[in-house]
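The values are calculated or read from the model by the stated rules, or taken from the named source; none is laboratory data. Fair warning: this is a prediction, and the values are worked out from it, not measured in the lab. All Cβ positions, even for glycine, are placed from backbone atoms using ideal geometry, and neighbour counts span all protein chains on display.
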Amino acid sequence: MLAEKLEYYQYPEFQEVVKPKSKTKPKVHRSSVLNKQMYLALAISILITSLFILQGYAKITSVRLDITRLEKEKSELYKVRQELEGNLEGLKNTALIAEQARTYLGMIYPEEGQISYVAVNNSTFEDTHMFSLTDKVRNVLSIFSSLF
């Protein structure tokens, strides 16, 4: 028959010698370590993605500010242009020019005896301005060579 196996600390004479409890770390399962690493990697990737998105929004905001500034500058320049065009129309008005010439400069229209006509001979004028084809080519080439 079989005898019961007793450990030495079960005997009363060995009661004083108590087996010390060992301080062993509980075994950490590999799957829980992998889960923690996976969560950490996921959190880091979400953080990096969020930073890129925020950078994009910051860039969009700066571009919108630039657009607003340029539109304001455009409207101001348009007002200046309208004002200058109005001034130009006033300066091109021949009646106003004639009035200012009479009042400020003392000018008057010429009388009949003050007008003299000069006759121009058309044939001599045409002869002096006639160029040969080679002269025209030379002029064009000299213009282009002066640009470089």
Discussion item. Going residue by residue through region 129-137, is there one that turns out to be at pLDDT 80 or above, of a type in the set (Gly, Ala, Ser) and exposed (fewer than 10 other Cβ atoms within 10 Å of the Cβ)?
Written reply: no
Fill in: Near pairs, Cβ below 9 angstrom, 6+ apart or cross-chain, from region 74-97 (free of Cβ contacts under 8 Å to residues at least 40 places away in the same chain and under 26 Å from Tyr109 (Cβ atoms)) to any residue that is among the β-branched types (Val, Ile, Thr) and part of a helix (DSSP H, G or I)
Leu91/Ile97
Worksheet item: Would region 88-98 turn up any residue that is assigned to a helix (DSSP H, G or I) and in contact with a Gly (Cβ under 7 Å, 6 or more places away or on another chain)?
Response: yes
